[in-house]
Structures are given as structure tokens and as C-alpha cells.
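Here, each number is a calculation from the coordinates, and none is a lab measurement. Keep in mind that what you see is a predicted model, and the values were worked out from it rather than measured. With ideal geometry, Cβ positions are generated from the backbone for all residues, glycine too; neighbour counts draw on all protein chains shown.
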């Protein structure tokens, strides 16, 4: 009987990965992210007002066309 040669051991199951480490944000990065969020809100509000204004103009033009003589 021959002894089996010690070969590379099969790797065991990987340990369960934990949550990835979150990078620590510097104060400058936090300030930039806060400003970016504020700017994005401003853009959405402006877009909303723009579309609301377009509808008002469209209704006035429809009224003008239907009541023209």
C-alpha cells in the first residue's frame, strides 16, 4: 500500500463576506455632495415651473384662438 502524496489542499469555503467598508468622506466631499443635492433640487423645481408656465401659455393661446372673431 502506498501512501498518497500530500497534494495541495482543497480550499475550504470562503468566509461569509461582511458589508463592504464605507470610505470616510472628508468635509470637502460632504460639502460638495450637499451642494450637489441642493443644486439638483433647484434644477427640478425650475423644470417644474417651466412646464407649468408652458401649460399656462398654451391655455391662453387656446382661449385666444377659440374666441377670435
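The simple spin-label model puts a point 7 Å past each Cα toward its Cβ; for residue 16 and residue 49 those points are separated by 5.2 nm.
Over all distinct alpha-carbon pairs, what is the Kirkwood Rh of segment 27-69 in angstrom? Don't jump to the answer; show the numbers that get you there.
On the way: mean 1/r = 0.0774 Å⁻¹.
Every distinct Cα pair counted, the radius reaches 12.9 Å.
The stretch between residue 37 and residue 25, if pulled fully straight at 0.36 nm per residue, gains 2.8 nm over its current Cα-Cα span.
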